[in-house]
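**Student:** Take this structure first; my questions come after.
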Amino acid sequence: MRIAVFPGSFDPITIGHQDIIERASTLFDKMIVGIGTNANKQHMFTLEQRVSWIEKTFEANSNISVAAYSGLTIDFCKKNNANYLVRGLRSFTDFEYESAIAQMNHKMSPVIETIFMLTKPEYDAIASTIVRDIIRNGGEVKQFLARGVSLGV
Ligand code: ADP
């Protein structure tokens, strides 16, 4: 069984994440969206909220699930028998950052392969960080978010 993990903080999950997860999920038997938790990192949305938005977004996709983890992503992969890590690439900056992480993960755990998927051009500017800034300043972000996210009024 080919199992993949798509890790991130999803604070909140965007339409860019949604697109990569759905496209990648067709390549694997099972796709686990892993929400990495880090006690030192301040999040805008609670873990429960982020989990529930991801569940709602993929409620119709039977091979996509969500789980939170702490510690190394490769340890989370091993725990779930996942041999693949999926990451999305928006730009050269993403590539530089992501390639370093992938190389180090591969050194630590050669059985886990990182697979990169390119974002669709229409989503390449969408980043959770910018979405959070817009929310803080009272802007409308619906068009940037995954379909399961509802921010209330
Ligand atoms: P973190 O949660 O670690 O800050 P992100 O949530 O920004 O990371 O991203 C998790 C993964 O999703 C990364 O591989 C990132 O490149 C990818 N990603 C983020 N936004 C997009 C997008 N708009 N299109 C494609 N991939 C994206």
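The values are calculated or read from the model by the stated rules, or taken from the named source; none is laboratory data. Keep in mind that what you see is a predicted model, and the values were worked out from it rather than measured. When we count neighbours, we look across all protein chains shown, and the Cβ atoms used for this are built from the backbone with ideal geometry, even at glycine.
**Student:** Hey, can you tell me all the residues within the range 1-42 that are polar (S, T, N, Q), more than 9 Å from the ligand (Cβ to nearest atom) and assigned to a strand (DSSP E or B)?
**Tutor:** Thr37
**Student:** Okay, next question. Being in a loop (DSSP other than H, G, I, E, B) and touching a strand residue (DSSP E or B) at 6+ places or on another chain (Cβ under 6 Å) is the filter here; which residues of the range 43-62 pass it?
**Tutor:** Listed by number, the list holds a single entry, Phe58.
**Student:** Please tell me if Thr93 is of a type in the set (S, T, N, Q) and within 15 Å of the chain's Cα centre (by Cα).
**Tutor:** Taking the combined requirement at face value, the residue does not satisfy it.
**Student:** Test of understanding: among Thr119, Thr73, which residue is farther than 15 Å from Ser9 by Cα and at pLDDT 95 or above?
**Tutor:** Criteria check complete, one pass: Thr119.
**Student:** Any chance you could count how many residues in the range 112-133 are of a type in the set (A, V, I, L, M) and away from the ligand (no atom under 14 Å from the Cβ)?
**Tutor:** 1
**Student:** Which condition number in (1) surrounded by 14 or more Cβ atoms within 10 Å (Cβ to Cβ); (2) of a type in the set (Ser, Thr, Tyr); (3) not in a helix (DSSP H, G or I) is the one that Ser150 fails?
**Tutor:** Result: Ser150 passes all but (1).
**Student:** How many residues are in contact with a Leu (Cβ under 9 Å, 6 or more places away or on another chain) and without any contact (Cβ under 8 Å) to a residue 40 or more places away in the chain if we restrict to the range 120-150?
**Tutor:** The total comes to 2.
**Student:** Taking the stated definitions as given, is Ser65 away from the ligand (no atom under 14 Å from the Cβ) and within 13 Å of the chain's Cα centre (by Cα)?
**Tutor:** yes
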